[in-house]
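First the structure, in the form of structure tokens, and then the observations on it.
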Amino acid sequence: MSNTIHKRQINEWYINHSQDIYQYVLYLLQNDDIAKDILQETFLKAYQNIKQFKEENAKGWLIKIARNTSLDYLRKKHPINYIMDTIPNNNQTPEQVVNTNESTNELYQALGKLKRSYRDVIILRKIKDFTVSETAIILNWNEAKVRTTLSRAMSALKKQLETEGYQHEVF
């Protein structure tokens, strides 16, 4: 494919998937400005590596790039800064955090307190609605690990929400 065709493909993917990828990165990093930077870097990396795309699932491929770019960002940060950044800022309103209602904000904050593997699998399976096999590909896990980790993650999320005093009929 020529560069013009590649650019059109990336633009189409951006139009179709950028909001989902942005939200995914925002869930992971809990920082709007950094999520926007990672989103931009994701599409730049996709353009640079488009010849490696296997014509399967563009959204899954882009999410995988975004996840790896987010993890690279976190690895480069000083650990104490990362810990401070992940502590929820109670001075922010729900509109500033995710621009959603109070229940979603509580869920978002509880998710942020879970370990990364739990957060990843909940976001991909329950929030972004990826299949078990798509999630396994994105996380480089086998399908059994996705199912097991999701079960444990949902239990941990329920416990975290209950610890924070949140009660919901689903739990």
Highest mean packing first, using Cβ neighbours within 10 angstrom, the peptides 139-149, 58-68 sort as 58-68, 139-149
Can you tell me which lysines have their Cα less than 19 Å from the Cα of Lys51? Leave out same-chain residues fewer than eight positions away. Lys7, Lys59, Lys64
Using only Cα positions of region 118-170, each an equal point scatterer, no hydration layer, compute I(q)/I(0) via Debye at q = 0.19, 0.22, 0.29, 0.30 Å⁻¹ and quote the log10 values to two decimals. -0.62, -0.76, -1.07, -1.12
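Only the coordinates and a few stated rules stand behind these numbers; no lab work does. Remember, it's a predicted structure, so these values are computed and weren't measured experimentally. Reconstructed Cβ throughout: ideal geometry from the backbone, glycine too, with neighbour counts over all protein chains shown.
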